[in-house]
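Before any comments, here is the structure.
Every read-out reported here was derived from the displayed coordinates using simple, explicitly stated rules and does not represent laboratory data. Please read these numbers as outputs of a predicted model, since none were measured by experiment. Counting neighbours? That spans all protein chains shown, and the Cβs are built from the backbone with ideal geometry, glycine included.
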Amino acid sequence: MEKVKINMDADTAYQLMFTEYKDMVSVKECCKMLGCGVKKVYAMVNDGTLKFIKSKGYHITKMSVIEYLLSL
């Protein structure tokens, strides 16, 4: 399968992608957005790939998820 590169800036992507999610998402929601497991999301949080706030669990910024996807 061939990768398709999307040429879009983060602000435009933010307006178009994941509109059903709030600005901060839970780890479970992030898993759904990325199509991966909990361990992968926590690894991305711990290595700094995803920006987060820790308050009764991890809350990941939707923008960091979008920036990650755009970087692939």
Ranked 51, 62, criterion: other C-beta atoms within 10 Å, fewest first: 51, 62
Difference of contour (0.36 nm per residue) and Cα-Cα distance, residue 24 to residue 40: 4.0 nm
Derived scalar couplings ³J(HN,Hα) [region 42-51; Karplus, 6.51 cos²θ - 1.76 cosθ + 1.60; whole Hz; x for Gly, Pro]: 4, 5, 5, 5, 5, 8, x, 5, 10, 7
Rounded to 10°, Cα long-axis angle of helix 62-71 versus longest principal axis of the chain: 40 degrees
Rule-of-thumb Rg ratio for region 10-71 [Cα; 2.2 N^0.38 Å; N residues]: 1.01
Region 10-71, relative contact order in percent, only Cα pairs under 8 angstrom and at least six apart counted: 42 percent
Ellipticity estimate at 222 nm from DSSP helix runs (n ≥ 4, -39,500 (n - 2.57)) divided over the chain, nearest 500: -13000 deg cm²/dmol
